[in-house]
Amino acid sequence: MPISLRLERIATQAQQYPDMAFTTLAHHLDVAMLERAFRSLNPKSAPGVDRVTWQAYKANLATNLAALHEKLVNATYCPQPVVRRLIPKSNGKLRPLGLPTLEDKIVAKAVAMLLEAIYEQDFCDVSYGFRPGRSPHQALHEVRQGMLTNGIGYVIDCDISAFFDNLQHDTLLTILCKRIKDGRVLELIEMWLKAGILDGKEMVFPEKGSPQGSVLSPLLANVYLHEVLDTWFETVVQAHCRGKVVLYRYADDVVIGCEREEDARRLTEVIPKRFAKYGLEINTEKTKVVRFGRPQRSSARQLHHQTEDGGQAAPPQPGRVLALVPGQPPPITPGTVRITVCEAAGVLPVLRRTV
């Protein structure tokens, strides 16, 4: 059966039975699925600890994939350590990146395709990061439209401290078990999470976290935050807020819009407690509440940044957000610039960088 048809059938089952757990998935990890996974990888990506490149593996692809499949069938497959590299960020800091071996990428990608077919039926529309058919541009467009059409007056820019480093293994596996009951697939995921990290000459075995650079990490992150934030916001937060509230999430970057100031204040208090239950921490110093207002236009192409006392203010510098007070939105006073929807993109820094 063609790979696309198999994945489509899994997706159809997941959609028709949202409470069902899949018990038999590992048999889909055959040579055809592994080849599909191999060809979807970036041929120019850096090699892992074994130094095997995509091109070198392709030279003897049929034999290599048959041997890899045999290891999966015989349960002799074991992930190799991930090589840690530090990548410069735009703010001058360094981001740790994990480089798995090519065969680990192939198997992880194959598992990711199976899980994606299931979880794409579960994920909420507010999630945009690392999902098929979704892009940063779409996320920015939806943020703009959602803020304007729902009468949003306050925006919460939520910063999760070192999310990928603090992702709790046991909690993640518990969340996965709600939909995945195939022991072999769960075992593979746990092996990848607990595989050693080669940092220089030192081998580290993490008790938490998922390496950035793994082909499976973005999907696991979405599964985790779907449970921690998305469904909770949809079923609990919206029901208890007095005004309209909206949520937009791109991976671990979160923006929440509130119609009323009191709802924004309450959410800044309860969100850290919610995340703490799952071993995550909200950076209260970086998490900000922004007073939000509709832009005023003097022409179809020109925007005015107008102060409360009627004067003109210079447009803000790119990435600068005005009228911020951590923890609690302040009253707008004369001379304070209202943030317009055009500056609101500044509360999605990772989207701006990606675009």
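Here the strands (runs of 3 or more DSSP E) wholly within the stretch 203-300 that include at least 3 residues being open to solvent by 10 Å² or more (accessible area, probe 1.4 Å) are 245-250. Of all residues in the stretch 104-126, those that are surrounded by fewer than 21 Cβ atoms within 10 Å (Cβ to Cβ) and in contact with a strand residue (DSSP E or B) (Cβ under 6 Å, 6 or more places away or on another chain) total 0.
Residues that are more than 19 Å from residue 160 (Cα to Cα) and touching a strand residue (DSSP E or B) at 6+ places or on another chain (Cβ under 9 Å) within the stretch 223-257 comprise 234, 238, 241, 243, 244, 245, listed in sequence order.
Looking at the stretch 142-178, which of the residues that are crowded, with 16+ Cβ neighbours inside 10 Å and of a type in the set (D, E, K, R) is farthest from residue 225 (Cα to Cα)? Result: 142. Just to be sure I understand, how many residues within the stretch 188-199 are among the charged types (D, E, K, R) and in a helix (DSSP H, G or I)? Matching residues across the stretch 188-199 total 2. Of the residues making up the stretch 41-99, those that are open to solvent by 40 Å² or more (accessible area, probe 1.4 Å), more than 17 Å from residue 165 (Cα to Cα) and among the aliphatic types (A, V, I, L, M) are 46, 49, 52, 56, 59, 62, 66, 67, 73, 75. Set side by side, the residues 12, 23, 53 differ, and just one is out of contact with any strand residue (DSSP E or B) (no Cβ under 8 Å at 6 or more places or on another chain) and in contact (Cβ under 8 Å) with a residue 60 or more places away in the chain, which is 23. Taken over the stretch 186-199, the criterion of being open to solvent by 60 Å² or more (accessible area, probe 1.4 Å) and either more than 17 Å from residue 85 (Cα to Cα) or of a type in the set (Gly, Ala, Ser) (or both) is satisfied by 187, 190, 194.
The values are calculated or read from the model by the stated rules, or taken from the named source; none is laboratory data. Keep in mind that what you see is a predicted model, and the values were worked out from it rather than measured. Please note: Cβ atoms are built from the backbone with ideal geometry, for glycine as well, and neighbour counts cover all protein chains shown. What goes into the accessible areas is simple: the full protein's heavy atoms, side chains included, and nothing from ligands, DNA or RNA. Shrake-Rupley method; radii C 1.70, N 1.55, O 1.52, S 1.80 Å.
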